[in-house]
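What follows is one structure encoded as structure tokens, with my remarks underneath.
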Amino acid sequence: MSKEAEVVCVTGGSGCIGSWLVSLLLERRYTVHATVKNLTWEFAKEKGLDVVVVNPGTVMGPVIPPTLNASMLMLLRLLQGCTDTYENFFMGSVHFKDVALAHILVYENPSACGRHLCVEAISHYGDFVAKVAELYPEYDIPRTKDGAKKLMDLGLQFIPMDQIIKDSVESLKAKGFIS
């Protein structure tokens with residue numbers, strides 16, 4: 001069967017991720033129909049179909065539809081100098097196109113089943129903010145408050161992460177946990 005004859009149902013086809021997915025599927029000559037998420041789950045249950053899920057993290061990149069998703073709104077607020085910070089959380093970043101390609105990959109691969117985590121990198125929000133500030137110095141990026149500021153104000157000088165990792169691995173070697 002040629003891909004032109006294959007019909008693909010995309011839930012949320014007008015959203016940020018769905019728009020990328022529809023665009024890439026059309027480039028590959030699929031026939032695409034968009035639907036609502038709840039209808040898809042009901043249809044799959046009625047027909048006894050397996051639903052394969054791609055679970056993306058913080059999805060960003062070029063936006064196709066006129067509205068922004070929550071991830072892009074977070075970035076926009078950061079660039080606008082919003083002082084509300086999300087100090088102590090980790091985020092899995094991924095590009096819109098990668099999420100769309102992951103959907104196509106699981107669709108085209110018969111062995112794909114269940115849920116698939118789709119993130120390029122997992123980082124602390126503070127590291128993300130620092131990277132945005134480094135890449136776009138023309139914006140007044142509010143820095144996150146240092147969670148250990150009180151201890152640092154009292155004189156504690158933390159051992160850098162590189163050294164923490166090196167000391168830990170060498171300790172595992174010395175104790176015979178690894179060779």
- Item | Acute angle (nearest 10 degrees) that the helix 70-79 long axis makes with the longest principal axis of the chain, alpha-carbon atoms | 40
- Task: Starting from the amide H of T11, placed 1.01 Å from N in the peptide plane, find each other amide H under 5 Å away whose residue is 5 or more places distant or on another chain.
- Result: T35
- Message: Let me check against my output: what whole-number percent is the relative contact order of the chain, with C-alpha pairs under 8 Å and at least 6 apart?
- Response: 22
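How far, in nm, would the chain grow between L24 and C113 when pulled straight, counting 0.36 nm per residue and subtracting the alpha carbon separation? Don't jump to the answer; show the numbers that get you there.
Values: separation 89, 0.36 × 89 = 32.04 nm, distance 2.13 nm.
Contour length minus Cα-Cα distance gives 29.9 nm.
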- Per-selection Rg to Rh, the range 41-134 - Cα, Kirkwood hydrodynamic radius: 1.07
- Note on the structure: Label model pair D153, E46: point-to-point distance (7 angstrom along the Cα→beta-carbon line) in nm is 6.2
- For helix 16-27, what angle does its Cα long axis make with the longest principal axis of the chain, in degrees from 0 to 90 and rounded to 10? 50
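What's the extension gain from K166 to L135 if we count 0.36 nm per residue and subtract their Cα-Cα distance? Present the calculation step by step, with values, prior to reporting the outcome.
Numbers: separation 31, 0.36 × 31 = 11.16 nm, distance 2.85 nm.
Fully extending the segment from K166 to L135 adds 8.3 nm.
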- Note on the structure: Computed about the Cα centre, the charge dipole of the range 54-179 from +1 Lys/Arg and -1 Asp/Glu charges at the Cβ has a magnitude in debye, to the nearest 20, of 300
- Each residue of the range 119-127 in turn: what ³J(HN,Hα) in whole Hz from Karplus with 6.51, -1.76, 1.60 and θ = phi - 60°, glycine and Pro shown as x? 9, 7, 8, 10, 9, 6, 4, x, 5
- Query: If one takes the longest principal axis of the Cα atoms in the chain, at what angle in degrees, from 0 to 90 and to the nearest 10, does the Cα axis of helix 37-47 lie?
  - Reply: 60
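We did not get these values from a lab; they are worked out from the coordinates using the rules stated. None of the values given here were measured: they were computed from a predicted structure. Don't worry about glycine lacking a Cβ; one is built from the backbone with ideal geometry, like all the others, and counts go over all protein chains shown.
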